[in-house]
Amino acid sequence: MKVLIVGGGVGGPTLATLLSRQGNDVVLIDKTPQWKNIGFGLTLWGNGRKILRGLGIDSELAAFGYEVPFIRAYSSEGKQIWKDLQFGDFKDLGGSVLIVPRAHLHELIIKAIPKEVDVRLGLSIESLTQSEERVDVIFNNETTESFDLVVGADGVASRVRDLVFGNKDLRRYGWRFWVFWAPQDAPKSPYAFS
C-alpha cells in the first residue's frame, strides 16, 4: 500500500516507521524545511511506551525522562483532596508513566525512521481528491501524486482535516493549561499538584 503521512511531529514519523516495517511504501512530508525539535515536555503512559519499545528507543528515552511515581492534589486551604494516584499501578498497561523532553523524543523518533521511508521536508498539501481507488494529492510545489491512503498527522491546525472536513466546526473554548517545574523543597502552594 502506498501511504502519504502529512506531519513530521511525533505521530507522523512514528507511524511512518511502523508502516514501513510492515512493507508499505511510505511518503512522509512536513512543511518545515528541516526538522525542528520544539515543545516542552510530554507525559508518556504505558501504552505509548510500548510503541516506543517497538521502535527500539524507550530505554534510551527513559534515561532522559522522569518517572512519575504519583500525583497528589490539594485544596486552596492546603488539604489533600484525593488519595495519591499511584502511577506504578499502571505498569501492567505497558510501563510506568514517564515525563520526557519533547525535543529529545522527536530526535530519537526521527533517527528511527527507516531509509525506505521517502521523507520530503518543505512540502505541504494544496489539495486532495478522493476516489474509490485512490487519493490524488497536489503539493505546494505543483507536483501531483496518487496514494492508497493519506494520514493527517499535522497537528492542531491540520491542513488535511481542513481539506477533508472544512474548518466550520472549529472554535476556541478559552481553556489554558500551564506547566512548570519546581524544586521538591519549594514552598507549598495551596494550588499545588505534586
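Brief remarks on what is shown
- Distance in nm between pseudo-label sites at Ile38 and Arg102 (7 Å out along the Cβ direction from Cα): 0.9 nm
- The chain, relative contact order in percent, only Cα pairs under 8 angstrom and at least six apart counted: 30 percent
- Segment 16-55 - Rg and Dmax from Cα coordinates, angstrom: 13.3, 33
- Mean projected area of the convex hull spanned by the Cα atoms of the chain, taken over all viewing directions: 14.2 nm².
- Cross-linked pairs Lys36/Lys83; Lys2/Lys31; Lys31/Lys168: Cα-Cα separations exceed 31 Å for Lys36/Lys83.
- Solvent-accessible surface (1.4 angstrom probe) belonging to Trp35, in square angstrom, nearest 10: 80 Å²
- Counting protein heavy atoms only, segment 38-110 has 58 percent of its accessible area on carbon and sulfur, 1.4 angstrom probe.
- Placing a pseudo-label 7 Å from each Cα along the Cα-to-Cβ vector at Phe165 and Phe64 gives an inter-label distance of 3.1 nm.
- Computed with a 1.4 Å probe over protein heavy atoms only, the accessible surface of segment 13-80 comes to 59 Å² per residue.
- Computed label-point distance, nm, for sites Arg72 and Leu121 using a 7 Å Cα→Cβ extension: 4.5 nm
- For segment 34-123, the ratio of Cα radius of gyration to the globular rule of thumb 2.2 N^0.38 Å stands at 1.38.
- In this calculation the C-beta distance from Gln130 to Val156 is compared with R0 = 25 Å, giving a FRET efficiency of 0.65.
The values are calculated or read from the model by the stated rules, or taken from the named source; none is laboratory data. Everything numeric in this text was worked out from a predicted model, so none of it was measured. So basically every Cβ, Gly included, is an ideal-geometry build from the backbone, and we count neighbours across all protein chains shown. Accessible surface areas use protein heavy atoms only, side chains included; no ligands, DNA or RNA. Shrake-Rupley method; radii C 1.70, N 1.55, O 1.52, S 1.80 Å.
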